[in-house]
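> One structure is given below, represented as structure tokens, and several questions about it will come after.
The values are calculated or read from the model by the stated rules, or taken from the named source; none is laboratory data. All values reported here derive from a predicted model rather than from experimental measurement. Every residue, glycine as well, gets a Cβ built from its backbone with ideal geometry; the counts of neighbours run over all protein chains shown. In case anyone asks, the SASA skips ligands and DNA or RNA and just uses the protein heavy atoms, side chains included. Shrake-Rupley method; radii C 1.70, N 1.55, O 1.52, S 1.80 Å.
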Amino acid sequence: MNDFNNMSRTDPANQQRRPAPPLFRELLGAFKNGRNGTVTVSLDGGTVASISIDSGRVIQVTHPDTDTSKVLEILSRIGLVGEKQIEKATKLARKHAITLEDALVKAGAVSATTLGNIRELLAREALLDLLMERELDVSAVWASQRGTRACCVLPIPYLLKSANKRMEEHDDIRRVVPSGDIVFEKALSKDLDGAKWEDLKLGPAQRQVFFFLDGQMSVADLGIATGQGQFAVERSLKSLFEDGLVRKVVLGDERTGKNATRFSAFVRALSFLIAILIVMVGMATVAGRTISDPLGRELGARDPYREVIDDAAMRRVLGALRLHQLIFNRLPDDFEDMAAPKMVLRSDRRAAAMITVDESFLFGAKAVQVGEEDKD
Amino acid sequence: MPNRCCCLVNFCTMRSSTRLLTILMILMVSLVAIASAIRPSEMLVRLPERIQSETGTMLASMWRRDLRAAKSAIARIGEYRIEAQIPNLPAVAGAFLYRLREISEEIQPVALAVLAQDALIIAPDLPDMYFALAGAHMKMGLEGIGPATGAVIQGLQAHLRFPRTMIYRVANVAFYGFGALVLMVVMAGAMMFIRYRRLLTHDISDFFPSAPATIFSAMDVAKSKTAGFIVSNGLLRIISSAFVLLLAVAPLVFGAGLLPTAVLWLISISAYTRRTEKLAVVLLIGTIGVLPIIGHLVLLPAETDRTPGHRIWSCYREYCTYEVGTDLVRMSIERPNDVLINTALGNLELQQSGNRSVGLEAAIARFDIGVKADFPVAIGLSANSHVLKSLADCPLGEPDKEHLREAQRLYTSHIDKYGAEPAMLRGLAIVQGLLGERDQMEASLTDLLHAVNDDDLDFVARIRTLSGGHAPCRQIGALSAEIRPPSFPDQEVYFGNMNVFTLPSTLPWHGWLQGRIPIPWIPIISIVGLILVMAAWWVGKKLKLATVCPRCNNIVCQSCNTRASGYDYCPTCLFEQVKPAFLDPLDLIAIQQERESRSDLKKVVAPILAILLPGSGQVLSGRPVRGLLMLLIVGLAVGFVLHPASPHIDALAYAGVYGAELPIGPPILLIAVYTMTALDVWLNREK
């Protein structure tokens, strides 16, 4: 508390003998006097922002930049939530009469922690922007905030110190990053001259910003993608710019980039068309031929390997005939004479039935019928 | 008006019974036309009468379990065989083996082994006799392992003297091996292709300019919600997958066959494989190149059975029947001065002569063609025939000296030119004894003792006694039993000029394996495939193809990495390092879990495949060595189940089908391989 009491001596307003921004003064007063209540700020276009304060902390910020659509935009931008999930959550919200954000949590699309973090991020960024504004119409109603739903917990000293720091850095940063619309890209070549990610000598915040730089995202976009907030990104970009690691994408480059993108899209579309043509022709040719067609010539041909299997039964029967003759000194009367003493397999019946000697069946016509039945 | 009948026979006007009879007759005639006609001689086993008779005695004694009588009959068969100059009696051996299996469970193991040992005399060159002896020894338990091993080694060595059995055995191994190897290469090739299809698809999609092949970061996920992205990315995926599908299926459809298509699969994924998989790829492509040769080995018996070499060899190593002789005579008409054919015909005359003068004279006349051509077998057999002729003629009650001198000359010539062969030294000693040259006989016997490594040296005493007796002509049977045929170049004669390792004209399964590609191209495709595989490994290293990130299991490649972040670093893992501060770790875990659910599918599919077809799941999971081994075992087991009896059967040494109806091998193999795969699935369930 003592530290903060001295803030008036160190704040830029005192140093430059300029009055502090109105919201800054209001929050400072609320903190010093231990007031609870709601501060209302009139914005351009007739909208208002309200800030609920309780026990030295901001617990709710209502601002166009903190509404549900902004939360959804971030969730969508970082890829956590898709359109289908939003639709599903909308139905769930209607059904259970809850907010869309709560419905997303309930549907399991996003965790409550992430959602809370995003809300706090949006509230902090909106609040810090307002704290630095000098032309604001601010009014306050001091009353107990009991019953007000806490959407964030932002200690007022932290907010004031952050705002103070931003004000100190503001001019230097603006020289490098004039606005949130500007686009930066990596100053190294596309493959980063073979540099390794592990060897980057950067702080965590700068490293994160550097990763997301793609020559297309604006500074504001980077603020959302990194989750650092726009000002923190600008601070990192200033540092990276001064180290020569990034450069601004100027208007001409953007045009060139767009042209390059258009050309790339054209080439891609063309290659798609050619590929589709090849695939269609290939598939049509494949579909037009049956597998049996190219092999048709072979299918009708004799298969010597099949003959080996077919001949095996015949050779077994022949061997069994010789064996029977050697043992009993006569040929068998029927197939069973050979099958029962395991001279042949039962499955050899057909082969045995088909054996002819001097143009007549060895085991008679009856055996042939039995053999044919076995085949069936 | 009579019915008009369009038949050649007046079929329509027949009575129904006559009609039925006619149909049956036509059916019978057509069946006879397609039935397998065999010559009556093929069904009959023709043996010398004494041997035939003793064979019956042997088999009947064995059936009665009268082992003593069986042994006596076996000894007599052996004696008659040697007297008749017949090296082997495979048909009798086959019948003996059939009976032996029939009674093996009912007699003592030691008695069984003794009987099998004694029976070697029936066909000393037939490998199956040694294996039967080994089996009998094994029934004796642990103490039988040593003698059984010895018998197995002798059996293996006997294959060199009995190439027909060797060829049949090789062909049977090739038959079962071929099916198992085809299953192995096709399934393993397909599984490896499926395993790496995602990487292949990724690299194919990289051919399209600036196309985001994989969604890496959350920002990409956000981008992926746009309609343009969905359309283009969906199109890209379809096209890439279609290309991969075309690569996989088109060669087969266009008639390349399964084997060349499998080579293509293996080449296309070889650049992505790990070290053991590289080894498996080389092994599989090499196997595909060798498959046609294995296929030819399957067909080899059908080829060799038709060759003159087989007839000639059979006439020398077995009992040479007149049926074989008829074929040989036909061949000798075409080639009257062919040494091998005439020597075989001489052997036929020698075996059929019954030591009678006329037959022996005919034999000597045939051998003379070989003697003039300096063919050592003909020289040796001619010398033997001269000895028998001298005893058969026996003028004045003494052996014919002229024939003995001729025999002595031939023996000496053989020994001088081709070394001291025991059979020739033996014949020389007998001749010298019959001529009364006792000193020279003793010298020959000494040389013989140095040349043989037989434990039974009783023959020395027998030769001394028989050749020095007062009436040697009366001992012609005993003396002819001491004469041995010269060594014979079995392999050279049997195979002749045939190239065993040549390529067949087709492969099994009606061209499914080779398609329309000529068989000689398959080994060439295999060699080219191996070269391309090695090139792919080299190029793959240079190109830095797609890989699976070991941390997040996403597919990454250098171009996609640098396109996403500027660094050759997995963007998904990189994003986790620079993720927005507000992102709850639980949400990251959820993203990771969703990503891993894809590999979970693989975790489910691979074990199911491993159970359905052991080995396939293992190859799919990246354990190729055990996968290939399991596929091979399954292939063998399936082959044994489908064809329990070996397809190549030597009908001339047939021994029945004991053990073929309910073979124990396939169930054991299947139990072993399913146990292996179940253990493997269980032990690797978390991987």
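> On a full-extension model of 0.36 nm per residue, what is the gain between B:N553 and B:V625, subtracting their alpha-carbon distance, rounded to one decimal in nm?
Length gained between B:N553 and B:V625: 23.6 nm.
> Please list B:K139, A:K88 from largest to smallest accessible area, probe radius 1.4 Å, with all protein chains kept in place.
A:K88, B:K139
> What's the percent breakdown of Cα-Cα distances in the range B:45-106 across 10 Å bins, shortest bin first?
That works out to 24, 57, 18, 1, in percent per bin.
> Which ³J(HN,Hα) values, rounded to whole Hz and listed in residue order, are derived for the range B:470-481 from phi using the Karplus coefficients 6.51, -1.76 and 1.60 in 6.51 cos²θ - 1.76 cosθ + 1.60 with θ = phi - 60°, glycine and proline given as x?
7, 10, x, 5, 6, 9, 4, x, 5, 5, 5, 5
> Can I ask one more? Given q = 0.22, 0.25 Å⁻¹, what are the Debye log10 I(q)/I(0) values for the range B:98-199, with equal point scatterers placed on the Cα positions and solvent ignored?
Cα-only, vacuum Debye calculation for the range B:98-199: -1.08, -1.21.
> Sticking with this structure for a sec: What is the spin-label model distance, in nm, from A:V48 to B:C573 if the labels are put 7 Å beyond Cα along the C-beta direction?
5.5 nm
> Would you mind checking the pairs A:K106/B:K603; A:K84/A:K238; A:K84/B:K579; B:K278/B:K544; B:K71/B:K389; A:K70/A:K95 and listing those with alpha carbons more than 28 angstrom apart?
Those over the limit are A:K106/B:K603; A:K84/A:K238; B:K71/B:K389.
> I've got another one for you. Please give the average number of partner chain Cβ atoms lying within 10 Å of the Cβ of each residue in A:329-337, rounded to a whole number.
Rounded to a whole number, the mean comes out at 1.
> With a probe of 1.4 Å, find how much accessible area the range B:278-428 has per residue, and write the answer as a whole number in Å².
37 Å²
> If you don't mind, another one. Order B:T304, B:T502, A:T66, most accessible first, counting only protein heavy atoms with a 1.4 angstrom probe.
B:T502, A:T66, B:T304
> What number, in percent, do you get for the relative contact order of the range A:65-118 if the mean sequence gap of Cα pairs under 8 Å and at least 6 apart is divided by its residue count?
34 percent
> Separate question: For B:234-242, what's the mean count of beta carbons from other chains sitting within 10 Å of each residue's beta carbon?
Averaged over the peptide's residues, the number is 3.
> Applying 1/(1 + (r/R0)^6) with R0 = 51 Å to the Cβ-Cβ distance of B:F501 and A:E185, what FRET efficiency is obtained, to the nearest 0.05?
Between B:F501 and A:E185 the formula returns 0.15.
> Where Rh is the Kirkwood radius over the Cα pairs of chain B, the temperature 10 °C and the viscosity 1.306 mPa s, what D in µm²/s does Stokes-Einstein return?
In µm²/s, the coefficient is 50.
> Here's something else I'd like to know. Report ³J(HN,Hα) in whole Hz for each residue of the range B:339-345, in order, from the Karplus equation J = 6.51 cos²θ - 1.76 cosθ + 1.60 where θ = phi - 60°; Gly and Pro get x.
Values, residue by residue: 5, 5, 5, 5, 5, 5, 5 Hz.
> What residues in the range B:289-303 lose 30 Å² or more of accessible surface when the other protein chains are added to their chain alone (1.4 Å probe)?
B:L299
> Along the charge dipole of the range B:104-211, Cβ charges K/R +1 and D/E -1, which of B:L181, B:L126, B:Q157 sits furthest on the positive end?
The one lying farthest along the dipole's positive direction is B:L181.
> If you don't mind, there's one more thing I want to ask. Provide, for q = 0.16 Å⁻¹, the log10 of I(q)/I(0) from a solvent-free Debye sum over equal Cα point scatterers in the range B:219-362.
Taking Cα atoms of the range B:219-362 as identical point scatterers yields -0.92.
> Let me ask something additional. How many Cβ atoms of partner chains, on average, are near each residue of A:305-315 if near means within 10 Å of its Cβ?
6
> Moving to a separate point now. Would you mind giving the total buried accessible surface between chains A and B, with a 1.4 Å probe and ligands, DNA and RNA left out, rounded to the nearest 100 Å²?
It comes to approximately 8400 Å² buried between A and B.
> On alpha carbon coordinates alone, what is the Rg over Rh value for the range B:326-452, Rh being the Kirkwood radius?
1.00
> Quick one: compute a quarter of the convex hull surface over the Cα atoms of the range A:67-197 and quote it in nm².
13.0 nm²
> What do you reckon, how do B:C570, A:C151 stack up by accessible area (1.4 Å probe), largest on top?
Sorted by accessible area, descending: A:C151, B:C570.
> Any idea what the dipole of the range B:286-400 comes to, in debye rounded to 20, about its Cα centre with Lys/Arg Cβ at +1 and Asp/Glu Cβ at -1?
Approximately 220 debye in magnitude.
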